[in-house]
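**Student:** One structure follows; several queries about it will come next.
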Amino acid sequence: MNLFQSITSALDNTLSSDPTAVIFGEDVAFGGVFRCTVGLRDKYGKDRVFNTPLCEQGIVGFGIGVAVAGATAIAEIQFADYIFPAFDQIVNEAAKYRYRSGDLFNCGSLTIRAPWGCVGHGALYHSQSPEAFFAHCPGIKVVIPRSPFQAKGLLLSCIEDKNPCIFFEPKILYRAAVEQVPVEPYYIPLSQAEILQEGSDVTLVAWGTQVHVIREVATMAQEKLGVSCEVIDLKTILPWDAEAVCKSVVKTGRLLISHEAPLTGGFASEISSTVQEECFLNLEAPISRVCGYDTPFPHIFEPFYIPDKWKCYDALRKMINY
């Protein structure tokens, strides 16, 4: 399956096993703009897979209500860039519902899906990576997969998780990534980073699409510099797996973090400061962040904006020579 098919498969599994599950959002009834819900309305009926008005605040507010009533709510925001009208509902309502009611009520069965990240031609409003905004908010979980197999297992874990989850799907990978994905449901634990490649000289950390970039960088570093890189896919942004990253940095002494979102206040800052506090005496070089620029996401200049393998390789070389 490719990535959008693995998402469809996860949603299909949920609808068939959980009679309370509903899926809603803009255009989901006829498959969604990326075809992630294709065929589900025909199979499960228009009471369980249905369109909403173009109102993100309403979509999430409705999802909170559905979840509080005890059903499993899976809301789709058509693009992560459009999640901001729903920001208040997510941050002030969903994230605080259980705490505010002293655990009398909760909306833990709410999952919000949204296509995320750059796509080659998305410009300002179809390319953003807003994960850092939500990383500052206790009470929700934020998850970003790198591949079809990961996407299905992590999405099912988000749906099962007893906290409201935001699941960002790297849209450039919807059709690009293909791998073997079981048709049956399976779960990949949240808040556990994965070491994709063991190494001894530098730790490379990323999530989503950027994982594929740092994997290439690791190969280049090995071939051109003889440098051994440890590659980590963070997978869950909140709550993130600080232990796995720190353990790796203690071993390698160097850390490079890369994401598409702008540098200032990006989630790399959080990782960097935590590692600096925990592993100060183990560091051989300053921590390096290779990220997007502090500008709106450009259209024709996207190739220059994104932190590609050459920018990451360059930063890595500087770190080794420090």
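The values are calculated or read from the model by the stated rules, or taken from the named source; none is laboratory data. Because the structure is predicted, anything quoted here is derived from the model rather than measured. A quick note on method: Cβ atoms are made from the backbone with ideal geometry, for glycine too, and the neighbour counts reach across all protein chains shown. We work out accessible area using only protein heavy atoms, side chains counted, and drop any ligands, DNA or RNA first. Shrake-Rupley method; radii C 1.70, N 1.55, O 1.52, S 1.80 Å.
**Student:** What tally of residues in the stretch 192-220 results from selecting those that are in contact (Cβ under 8 Å) with a residue 40 or more places away in the chain and either under 27 Å from residue 167 (Cα atoms) or buried (at least 24 other Cβ atoms within 10 Å of the Cβ) (or both)? Talk me through it step by step, then tell me what you get.
**Tutor:** Filtering the stretch 192-220 down to residues in contact (Cβ under 8 Å) with a residue 40 or more places away in the chain leaves 192-195, 199-214, 216-217, 220.
Keeping just the survivors that are either under 27 Å from residue 167 (Cα atoms) or buried (at least 24 other Cβ atoms within 10 Å of the Cβ) (or both) gives 192-195, 202-214, 216-217.
Going through the stretch 192-220 one residue at a time, the tally reaches 19.
**Student:** Sticking with this one: Cβ-Cβ under 7 Å, sequence separation 6+ or interchain: first residue in the stretch 4-22 and under 15 Å from residue 71 (Cα atoms), partner open to solvent by 30 Å² or more (accessible area, probe 1.4 Å) and among the aromatic types (Phe, Trp, Tyr). Which pairs?
**Tutor:** Matching pairs, first to second residue: 15/44.
**Student:** Just the residues that are open to solvent by less than 50 Å² (accessible area, probe 1.4 Å) and touching an Asp or Glu at 6+ places or on another chain (Cβ under 8 Å), please, taken from the stretch 23-33.
**Tutor:** Within the stretch 23-33, 23, 24, 25, 26, 28, 32 meet the criteria.
**Student:** Could you say whether any residue in the stretch 230-250 is at positive phi and not small (Gly, Ala, Ser)? Can you show your working first?
**Tutor:** Our first condition is that a residue be at positive phi; within the stretch 230-250, this holds for 235.
Keeping just the survivors that are not small (Gly, Ala, Ser) gives 235.
Yes - at least one qualifying residue is present in the stretch 230-250.
**Student:** Restricting attention to the stretch 213-262, which residues are under 24 Å from residue 141 (Cβ atoms) and among the hydroxyl-bearing types (Ser, Thr, Tyr)?
**Tutor:** 236, 248, 258
**Student:** Within the stretch 51-67, take every residue that is open to solvent by less than 50 Å² (accessible area, probe 1.4 Å) and touching a helix residue (DSSP H, G or I) at 6+ places or on another chain (Cβ under 7 Å) and give me the one that is farthest from residue 112 (Cα to Cα). Reasoning before the result, please.
**Tutor:** Let us first name the residues in the stretch 51-67 that are open to solvent by less than 50 Å² (accessible area, probe 1.4 Å), namely 52, 56, 58-61, 63-67.
In the following step, the residues that additionally are touching a helix residue (DSSP H, G or I) at 6+ places or on another chain (Cβ under 7 Å) were identified as 52, 56, 59-61, 64.
Numbers: 52: 14, 56: 11, 59: 9, 60: 8, 61: 11, 64: 10 Å.
For the stretch 51-67, the residue satisfying everything is 52.
**Student:** Say we look at the stretch 263-279 and pick out the residues that are within 21 Å of the chain's Cα centre (by Cα), in contact (Cβ under 8 Å) with a residue 24 or more places away in the chain and farther than 13 Å from residue 205 by Cβ; which of these is surrounded by the fewest Cβ atoms within 10 Å (Cβ to Cβ)?
**Tutor:** 264
**Student:** Is it the case that the stretch 105-119 has a residue that's open to solvent by less than 60 Å² (accessible area, probe 1.4 Å), over 26 Å from residue 36 (Cβ atoms) and modelled with pLDDT of 95 or more? Explain how you work it out, then say what you get.
**Tutor:** Within the stretch 105-119, the subset open to solvent by less than 60 Å² (accessible area, probe 1.4 Å) is 106-119.
Filter once more, keeping what is over 26 Å from residue 36 (Cβ atoms): 106.
Now narrow it down to the ones that are modelled with pLDDT of 95 or more: 106.
Yes; the residues of the stretch 105-119 include at least one that is open to solvent by less than 60 Å² (accessible area, probe 1.4 Å), over 26 Å from residue 36 (Cβ atoms) and modelled with pLDDT of 95 or more.
**Student:** Give me the pairs, please: first residue somewhere in the stretch 150-169 and within 23 Å of residue 89 (Cβ to Cβ), second residue anywhere and assigned to a helix (DSSP H, G or I) and at pLDDT 95 or above, beta-carbon distance under 6 Å, and either six or more positions apart or on two chains.
**Tutor:** Short answer, once both residue conditions are applied: 155/10; 159/14; 164/94; 165/158; 166/134; 167/155; 167/158; 168/80.
**Student:** Also, I was wondering about something else. Within the stretch 234-244, identify whether any single residue is part of a helix (DSSP H, G or I), open to solvent by 10 Å² or more (accessible area, probe 1.4 Å), closer than 19 Å to residue 200 by Cα and in contact (Cβ under 8 Å) with a residue 40 or more places away in the chain, and answer yes or no.
**Tutor:** Narrowing the stretch 234-244 to residues part of a helix (DSSP H, G or I): 242-244.
Checking which are open to solvent by 10 Å² or more (accessible area, probe 1.4 Å) leaves us with 242-244.
Still in the list and also closer than 19 Å to residue 200 by Cα: 242-244.
Remaining after also requiring in contact (Cβ under 8 Å) with a residue 40 or more places away in the chain: 244.
Yes, the stretch 234-244 contains at least one residue that is part of a helix (DSSP H, G or I), open to solvent by 10 Å² or more (accessible area, probe 1.4 Å), closer than 19 Å to residue 200 by Cα and in contact (Cβ under 8 Å) with a residue 40 or more places away in the chain.
**Student:** Of all residues being in a loop (DSSP other than H, G, I, E, B) and touching a residue at least 40 places away in the same chain (Cβ under 8 Å) in the stretch 294-322, which is least open to solvent (accessible area, probe 1.4 Å)? Just the residue, please.
**Tutor:** Quick first cut of the stretch 294-322, residues in a loop (DSSP other than H, G, I, E, B) only: 294-301, 306-308, 321-322.
Next cut, touching a residue at least 40 places away in the same chain (Cβ under 8 Å) only: 296-299, 306-308.
Values: 296: 97, 297: 17, 298: 27, 299: 100, 306: 42, 307: 2, 308: 44 Å².
That would be 307.
**Student:** Now, a different point. Out of curiosity, is residue 288 polar (S, T, N, Q) and in contact with a helix residue (DSSP H, G or I) (Cβ under 8 Å, 6 or more places away or on another chain)? Walk me through how you get there before you give the answer.
**Tutor:** Values: polar (S, T, N, Q): yes; in contact with a helix residue (DSSP H, G or I) (Cβ under 8 Å, 6 or more places away or on another chain): yes.
Taking the combined requirement at face value, the residue satisfies it.
**Student:** Any residue at all in the stretch 280-293 that is touching a residue at least 60 places away in the same chain (Cβ under 8 Å), more than 18 Å from the chain's Cα centre (by Cα), over 24 Å from residue 220 (Cβ atoms) and surrounded by fewer than 16 Cβ atoms within 10 Å (Cβ to Cβ)?
**Tutor:** Step one: list which residues in the stretch 280-293 are touching a residue at least 60 places away in the same chain (Cβ under 8 Å), which gives 292.
Next cut, more than 18 Å from the chain's Cα centre (by Cα) only: none.
Looking for residues that are touching a residue at least 60 places away in the same chain (Cβ under 8 Å), more than 18 Å from the chain's Cα centre (by Cα), over 24 Å from residue 220 (Cβ atoms) and surrounded by fewer than 16 Cβ atoms within 10 Å (Cβ to Cβ), one finds none in the stretch 280-293, hence no.
**Student:** Mind listing whichever residues of the stretch 129-153 are open to solvent by less than 20 Å² (accessible area, probe 1.4 Å) and more than 10 Å from the chain's Cα centre (by Cα)?
**Tutor:** 134, 137, 140, 147, 148, 150, 152, 153
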